[in-house]
Amino acid sequence: MDEKIKISLPKVTLELLKKDCLDFKVVKKCGALNFNAFINTLIANYYEAFSASEEELYDDIKDAISIVPDYYKEKVFRDVVKVFAKRSEQIDGKKDTTTFSFKPTKLSEKAVFYIENVILKSESLSSFYRRMFLSYSQKTKTEREKIIYAENFALLQKAIRKNVQVCLVLKSGEVMKGANLHSVSPAKDELFNYVLFFRERKNFTVRLASLHSVSLLSEKAEIPMENAALFDRQIACGAQYPMYNTDNEPIKVQLDEKGKKLFQKIYLYRPTPVSIEGDIYTFDCSANQLLYYFERFGDSALILSPKKLGIFMRNYYYFALKKYKSLYKNT
């Protein structure tokens with residue numbers, strides 16, 4: 001395992017892998033990206049699922065060429081597999097490629113051995129890794145995050161099925177013992193996964209990528225009905241935005257014609273209205289989600305109620321206005 005493995009990839013795929021390494025918080029103690037650890041984790045956690053899908057493809061090919069005489073069957077099978085491999089490599093712009101190397105570690109030792117000695121069928125090692133990384137890149141970001149944190153995700157799902165508490169250790173070093181899990185939910189925009197849990201009479205939301213480890217406890221998990229209801233509302237509106245007991249009033253926003261166009265155009269983190277009456281949009285989301293979304297609208301969106309949110313937005317623009325006036329006071 002001392003030799004590096006060199007792989008050719010579409011540039012866009014390599015950029016996606018590096019972006020995932022950053023977004024999924026795979027870093028060294030100094031805070032720098034640990035791309036080698038990321039690649040080894042991806043291989044260790046994904047090679048079985050990818051090779052299983054390959055076996056299904058091979059079985060389909062064998063069924064399709066079953067009428068071919070036995071004398072030619074093996075050659076036809078190899079040729080068809082090569083065609084599929086070549087077609088897979090052309091996805092994501094094969095012509096615009098680059099190379100990178102990774103060094104296998106103890107984490108991926110079993111996977112690398114299995115790939116080299118069992119899986120490979122009529123293709124190079126580099127070709128297999130290239131197709132595996134392409135397959136990974138074609139999944140949604142939430143699914144990719146689950147692959148990188150497969151062990152923690154599996155333990156969370158197990159705790160939910162068994163209805164037991166867990167001890168969560170965050171990458172920050174914080175230990176949260178006695179956590180009652182509600183769910184692991186993706187953001188509505190399929191960016192990241194969020195772990196929703198109840199602990200010490202409070203609802204908590206943390207990124208899946210923020211967890212260092214998960215340990216199952218023997219105590220049964222219990223979440224009060226009112227807290228579970230808040231979690232349900234949170235998931236419906238956007239798992240990344242925690243809901244609090246104070247988020248108990250409908251939020252009414254008035255949009256002018258420009259605001260309506262912006263609402264159609266700006267889809268990221270957009271809350272879903274429960275009703276629209278003329279230019280009045282009513283929402284049942286968290287205050288944080290609504291403020292974060294509509295602060296980009298300027299005077300094209302006015303928060304009518306609750307009053308405290310309207311005052312918050314007024315002050316937000318007021319203090320920004322003061323700073324701009326000071327900056328450009330002579331113009």
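The values are calculated or read from the model by the stated rules, or taken from the named source; none is laboratory data. Keep in mind that what you see is a predicted model, and the values were worked out from it rather than measured. Backbone-built Cβ (ideal geometry, glycine too); neighbour counts: all protein chains shown.
The set of residues in region 189-230 being outside any strand (DSSP E or B), under 21 Å from Asn248 (Cβ atoms) and touching a helix residue (DSSP H, G or I) at 6+ places or on another chain (Cβ under 9 Å) consists of Arg201, Ile223. Residues satisfying the criterion are present in region 24-36 (criterion: closer than 14 Å to Ile148 by Cα and among the polar types (S, T, N, Q)). Taken together, Val169, Val214, Val175 contain a single residue that is of a type in the set (A, V, I, L, M, F, W, C), at pLDDT 95 or above, crowded, with 19+ Cβ neighbours inside 10 Å and under 29 Å from Lys29 (Cα atoms), which is Val214.
Is at least one residue of region 9-16 farther than 17 Å from Ile115 by Cβ, in a helix (DSSP H, G or I) and touching a helix residue (DSSP H, G or I) at 6+ places or on another chain (Cβ under 6 Å)? Yes - at least one qualifying residue is present in region 9-16.
Among all positions in region 235-248, there is no residue which is more than 20 Å from the chain's Cα centre (by Cα) and part of a helix (DSSP H, G or I).
Can you tell me which residues in region 290-307 are surrounded by 12 or more Cβ atoms within 10 Å (Cβ to Cβ) and not in a loop (DSSP other than H, G, I, E, B)? Residues satisfying the conditions are Leu290, Leu291, Tyr292, Tyr293, Phe294, Ser300, Ala301, Leu302, Ile303, Leu304, Ser305. Would you be able to say whether some residue in region 122-135 is surrounded by 13 or more Cβ atoms within 10 Å (Cβ to Cβ) and closer than 17 Å to Ser213 by Cβ? No.
Sort out which residues of region 1-38 are more than 23 Å from Thr97 (Cβ to Cβ), at pLDDT 95 or above and more than 16 Å from the chain's Cα centre (by Cα), and write them in order of number. Scanning region 1-38 gives Asn34, Ala37. Whenever a residue of region 134-159 is over 21 Å from Leu14 (Cβ atoms), its partners that are among the polar types (S, T, N, Q) and in a helix (DSSP H, G or I), lying with C-beta atoms within less than 8 angstrom and at least six residues away or across chains, give the pairs Ala150/Asn45; Glu151/Asn45. In region 259-269, the condition of being surrounded by 14 or more Cβ atoms within 10 Å (Cβ to Cβ), of a type in the set (Phe, Trp, Tyr) and either at pLDDT 95 or above or assigned by TED's automatic domain parsing to the domain that holds Cys21 (or both) is met by at least one residue.
Just one of the numbered conditions (1) touching a Ser or Thr at 6+ places or on another chain (Cβ under 9 Å); (2) within 25 Å of Thr142 (Cα to Cα) is not true of Leu230: (1).
Would you be able to say whether some residue in region 161-177 is in contact with a strand residue (DSSP E or B) (Cβ under 8 Å, 6 or more places away or on another chain) and part of a helix (DSSP H, G or I)? Yes; the residues of region 161-177 include at least one that is in contact with a strand residue (DSSP E or B) (Cβ under 8 Å, 6 or more places away or on another chain) and part of a helix (DSSP H, G or I). Only residues that are loosely packed, with under 14 Cβ neighbours inside 10 Å and charged (D, E, K, R) were counted across region 19-30, and they come to 3. Inside region 143-166, residues that are of a type in the set (D, E, K, R) and surrounded by fewer than 19 Cβ atoms within 10 Å (Cβ to Cβ) make up a count of 5.
Against the test of being charged (D, E, K, R), closer than 17 Å to Phe153 by Cα and in contact (Cβ under 8 Å) with a residue 12 or more places away in the chain, the options Lys18, Lys25, Lys11 yield a single qualifying residue, Lys25.
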